[in-house]
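Just so you know, all these numbers are worked out from the coordinates, no wet-lab data involved. Everything numeric in this text was worked out from a predicted model, so none of it was measured. Note that each Cβ is placed from the backbone with ideal geometry, even for glycine, and that neighbours are counted across all protein chains shown.
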Amino acid sequence: MIEQSEPLQQILAGYEKVFERDWQSMMAQKLGLNAFSPETDNEFVTELQAILQLAETDMTIFYRQLAKIDIGIGSLNDVHDATLPEPLLNAYYVPEQLTNDNVARIGNWTRCYKARVCKDGTLNYTRRKRMNAVNPKYVLRNYLTQLAIDKAEQGDNFMVNEYWSYCAALTTNNSTKKSMLRSVIEQAVRCFRVALDVPLSRLSD
């Protein structure tokens, strides 16, 4: 038993601060912001988390679509809330489930987002490049990865090789995709190697 709890409480208090700091930094990067400003961004990000739960959402697509929004075109006062979120609706699995109030709420958040980015003075190109560097375009599905691992443990590497071939084929389209997917592929391969405890060369046997 630990006789003194104060050292543990200090560690937990320190962890909370570190976690909050790093989480805020992560959200700033995902949103393409220069830095996280708690005075304004805490409420802003809280609302983002709320609208992402209005209907089942593909988070990967959402952040990639958000990067495509043009911040500098037209006055925010000239666009209706129902029109602003159109680029983001592809991220919702069943957009028809969103009510008019939901769409207006997403539009209002999008308006706030554009205003927030304008406050930073970040160019569209810079913001998109920054966001796409931290928000993946493709994500390996856990259940498919597990199926591949299960098969490989039984001596069948077909699914592992299929994963590799699929990702490699995507990288041949253009240099942007190649750079973007390289880290995803490498992460998957590392997972397979750890799970199977075999060298990479054996995955193609």
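Treat the count of other C-beta atoms within 10 Å as a stand-in for reagent exposure and order C112, C118 from fewest to most.
C118, C112
A crude spin-label estimate for the pair Y143 and T83, with each label 7 Å from Cα along the Cβ direction, gives 4.0 nm. Computed from phi, the 3J(HN,Hα) profile of the range 41-50 under the Karplus parametrisation 6.51, -1.76, 1.60 (θ = phi - 60°) reads 7, 4, 5, 4, 6, 4, 5, 4, 4, 5 Hz, with x in place of Gly and Pro. Rounded to the nearest 0.05, what FRET efficiency do K17 and T122 give with R0 = 25 Å and r taken as the Cβ-Cβ distance? Could you check? My answer for the efficiency is 0.35. As a proxy for reagent exposure, ranking W109, W23 by other Cβ atoms within 10 Å from fewest up yields W23, W109.
Ordered by the number of other Cβ atoms lying within 10 Å of each residue's own Cβ, fewest first, V160, V18 fall into the sequence V18, V160. When only the Cβ of Lys, Arg, Asp and Glu is charged (+1, +1, -1, -1), the dipole of the range 14-132 relative to its Cα centre reaches about 580 debye.
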